[in-house]
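The values are calculated or read from the model by the stated rules, or taken from the named source; none is laboratory data. The structure presented is a predicted model; accordingly, all values stated were derived computationally and were not measured. Glycine gets a Cβ as well: all are built from the backbone with ideal geometry, and neighbour counts include every protein chain shown. The accessibility values were calculated without ligands, DNA or RNA, using every heavy atom of the protein model including side chains. Shrake-Rupley method; radii C 1.70, N 1.55, O 1.52, S 1.80 Å.
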Amino acid sequence: MYHRWSQITFLHWRYPVEAVRALVPESLTVETFDGTAWVGLTPFRMDDVRTPGLPTLPWLSSFPETNCRTYVRDERGRPGVWFLSLDAGRLAAAMGGRAGFWLPYFWSDMSVRTEGDRRRYRCRRRWPGPDGVRCDVDVRVGPALAEAEDDELAHFLTARYRLFSVVAGRTAAAEVEHPVWPLRHAELTGLDQNVLQTAGLPAPAGDPVLHASPGVPVRVGMWSW
């Protein structure tokens, strides 16, 4: 699949490893930074979605998405992303993600609005439920990170080039290709969510670590074992 991840904000919280371990397959190891696991919410827009050899479709190829994710390594030591949930603003995308990619997609009523340096994300889960799952995020986007600020933690949280899933009972990996994220500072001005709790985690404690980006073009490969 080819697409662009646009107008993305990364919100990350520390979590005890044991809280995340219960949500990850035994074949994967929870990856830590500074002694803890990390779980992120990443609201953004999926744009220009297409398969190789086919054009984009005006309505189907662009929609909002919010991912709940953590970071793992497989039995070969390769790092990657494990998704706890993915909310998509198109029913076809949610169904295709479940049936074709074996990922925990949900169809949600979503929007992404940008006004100047403000971003407003809204998400209400519709199918397959449960009812009442939401993720509303308001941020103010600031200046680009200075070279010294684009540090190991920023790299750990955002520079991810592999996805994991369980396909037909086996752990599978898909390679992800994209340029280095052009990261910017972000200030959280509003948050109302229970996606993390619905995924099986305690409510997050403290303020999240934030990064924002205008986006990058992305290519996701086929699953391999």
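The figures follow:
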{"quantity": "Overall Cα dimensions of segment 113-178, principal axis frame, Å, largest first", "calculated": "44, 33, 18"}
{"quantity": "Segment 1-107 shape via C-alpha gyration tensor axes, a/c threshold 1.5", "calculated": "prolate"}
{"quantity": "Cysteines not pairable in the chain (beta carbon separation under 4.7 Å absent)", "calculated": "Cys68"}
{"quantity": "Residue-normalised accessible area of segment 136-207, given per residue in Å² at a 1.4 Å probe", "calculated": "49"}
{"quantity": "12 Å beta-carbon shell around Gly77, net charge (K/R +1, D/E -1)", "calculated": "+1"}
{"quantity": "Dipole magnitude of segment 1-80 about its Cα centre (Cβ charges: Lys, Arg +1; Asp, Glu -1), debye to nearest 20", "calculated": "140"}
{"quantity": "With eigenvalues of the C-alpha gyration tensor scaled by 5 and rooted, the chain, Å", "calculated": "23, 22, 19"}
{"quantity": "Sum of side-chain charges, Arg98 neighbourhood, beta-carbon under 15 Å (Lys, Arg +1; Asp, Glu -1)", "calculated": "+1"}
{"quantity": "Choice from Asp117, Asp87, Asp34 showing the highest fluctuation, given a GNM over the chain with Cα pairs closer than 10 Å", "calculated": "Asp34"}
{"quantity": "Low-density loop positions, GluC sites (Glu not before Pro), segment 1-86 - DSSP coil, at most 11 other Cβ in 10 Å", "calculated": "Glu26, Glu75"}
{"quantity": "Accessible-area composition of segment 1-124, carbon plus sulfur, in percent [1.4 Å probe]", "calculated": "55"}
{"quantity": "Residue list for segment 184-205, given a label point 7 angstrom along the Cα-to-Cβ vector of Thr36 and an amide N cut-off under 13 Å", "calculated": "202-205"}
{"quantity": "Lys/Arg +1, Asp/Glu -1 at C-beta; the chain dipole; positive extreme among Gly169, Ser213, Leu201", "calculated": "Gly169"}
